[in-house]
Amino acid sequence: MIRPGRASPLRPAPIAYPARYRAFVAISSVVLALAVTFVGCGAPPEAPPKAQQAPPNASPKAQPELIEKVRQEVAKSLKKEAAQIDVHKPLGDQGADELDIVELVIAVEETFNVEIPVSATGDQPGELQTLTIQKLADTVAGQMEKNRSGR
């Protein structure tokens with residue numbers, strides 16, 4: 001006869017977990033239960049508010065030279081000719097996946113010595129692939145202006 005709590009070929013010996021592990025499991029269970037309760041309460045989640053577009057005079061538009069420099073950087077990253085890159089077409093439609101676009105944004109930041117905010121590239125899943133060269137160049141122009149004014 002096999003006694004409870006004893007090892008057998010079919011039942012391994014019980015494991016004595018440390019108290020902090022048991023506490024972690026208990027807290028995790030409570031957090032999961034709360035998450036399921038609040039997420040599954042029937043009300044649809046609210047979409048985050050869209051960034052309001054600034055008035056046309058508030059942010060500088062990129063000059064054609066800047067757009068061309070960004071276009072060349074994109075072409076170099078995607079291993080294409082600059083003439084093959086459409087500045088108004090989303091980068092995802094031009095053969096770039098999300099990793100390519102992230103690497104491209106980093107390369108543009110380094111080239112122009114600016115920091116491009118995540119909100120400019122899209123903070124929702126899949127939104128990154130809708131980034132265009134025009135939008136990226138406008139963001140770079142805005143960041144360069146911001147750096148010049150010292151804000």
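Considering each of Ala75, Ala62, Ala120 in turn, give the residue that is crowded, with 17+ Cβ neighbours inside 10 Å and under 20 Å from the mean Cα position of the chain (by Cα).
Ala120
May I ask you to list the residues in region 55-88 that are at pLDDT below 85 and over 23 Å from Asn113 (Cα atoms)?
Within region 55-88, Pro55, Pro56, Asn57 meet the criteria.
Quickly run through region 123-139 and pick out the residues that are at negative phi and either over 18 Å from the mean Cα position of the chain (by Cα) or part of a loop (DSSP other than H, G, I, E, B) (or both).
Asp123, Gln124, Pro125, Leu131, Thr132, Gln134, Ala137, Asp138
Please determine, by comparing only the residues of region 62-108 that are aliphatic (A, V, I, L, M) and in a loop (DSSP other than H, G, I, E, B), which one is farthest from Gly122 (Cα to Cα).
Ile85
The values are calculated or read from the model by the stated rules, or taken from the named source; none is laboratory data. Remember, predicted model here, so these are calculated numbers, not experimental data. Cβ: placed from backbone, ideal geometry, glycine included. Neighbour counts: every protein chain shown.
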